């Protein structure tokens, strides 16, 4: 990689005194998609929580655009340009699509003109949000809800977006639509760090791949190369080690 937008060095973190991350190293190249895969309990979502400030690392360093993130509040990290799309059930179902989108701009709510510009920007990128703006979020399909969640994360115009299993629970058509939106997001110069159980989807989307096991990074490299790795193919893609 070139100059990294974000680096994690020897990061340790956990819950209730137990370590989940046990010395994680990670680099994110600006404007790229990086996908983290691995078995349940490997620490994939914990990496996102540490970066976003929802969990404080007990050791190690997380540097973003030259700034140390460890110890900073989630609100500070949002302001620095990092947004997260949670795994599921992230919307307010009894609020309209527009109101859900506006919640993404809460920390700039007093800057009315900027807020209006951001809503317009998000609606231009995701026309569904304008077409369904007055509908209750709870009446949307799973794929439509995910697009609202991504749109809400864009309200602060982040440089880095963290996505936790965006394909979870979606039908194939919705997965394809969301995947195309993720590509469009990075085409504007943003960086995406993606956690995915759908390894085939994640590696097809990503430029770089990371395989985590037991709280550590086991493999990292170009996504295409990792997808062709016999160990990765046999464990996550359902191909035998000796298959091409």
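Checking the a/c ratio against 1.5 first, then a/b against b/c, what shape does the Cα gyration tensor give for the chain? Show your work: numbers first, answer last.
Working: a/c = 1.84, a/b = 1.31, b/c = 1.40.
Oblate shape, in that a/c is at least 1.5 and b/c is the bigger or equal ratio.
What's the FRET efficiency of residue 79 with residue 134 using the Cβ-Cβ distance as r and R₀ = 25 Å, to the nearest 0.05? List each step's numbers first, then the result.
Working: r = 30 Å, r/R0 = 1.19.
So the FRET efficiency works out to roughly 0.25.
Could you check the spin-label model distance between residue 228 and residue 56? Points 7 Å from the Cα along Cα→Cβ, value in nm.
4.6 nm
Tilt of helix 142-153 relative to the longest C-alpha principal axis of the chain, in degrees (0 to 90, nearest 10)?
80 degrees
Can you put 21, 28, 114 in order, fewest other beta carbons within 10 Å first?
Details: 21 27, 28 22, 114 14.
The fewest-first ordering by Cβ neighbours comes to 114, 28, 21.
Just to be sure I understand the model, the point goes 7 Å from the Cα along the line to the Cβ. What's the resulting residue 22 to residue 120 distance in nm?
Using points 7 Å along Cα→Cβ, the separation is 5.3 nm.
Using Cα atoms only, what is the angle between the long axis of helix 172-187 and the major principal axis of the chain, expressed in degrees (0 to 90) to the nearest 10?
Long axis of 172-187 versus the principal axis of the chain: about 90 degrees.
Relative to the present Cα-Cα distance, how much length would full extension add between residue 72 and residue 108 at 0.36 nm per residue of separation? Each step should come with its number before you reach the end.
Numbers: separation 36, 0.36 × 36 = 12.96 nm, distance 1.88 nm.
Result: 11.1 nm gained on full extension.
Testing the spin-label approximation: label points 7 Å from Cα along Cα→Cβ at residue 92 and residue 188. State their distance in nm.
2.3 nm
Could you let me know the centre-to-centre spacing of the stretch 138-179 and the stretch 1-51, using Cα atoms, in angstrom?
Spelled out, the Cα-based centre of one part sits 21 Å from the other.
Do the sum for the chain: with -39,500 (n - 2.57) for every DSSP H run of n ≥ 4, divided by all residues, what is the mean residue ellipticity at 222 nm, to the nearest 500 deg cm²/dmol? Walk me through the intermediate numbers first.
On the way: 10 runs with 90 residues, N = 244.
The helix-only estimate for the chain comes to -10500 deg cm²/dmol at 222 nm.
None of the figures in this text is laboratory data; all of them are computed from the coordinates on show. These figures come from a predicted structure and were not determined experimentally. Don't worry about glycine lacking a Cβ; one is built from the backbone with ideal geometry, like all the others, and counts go over all protein chains shown.
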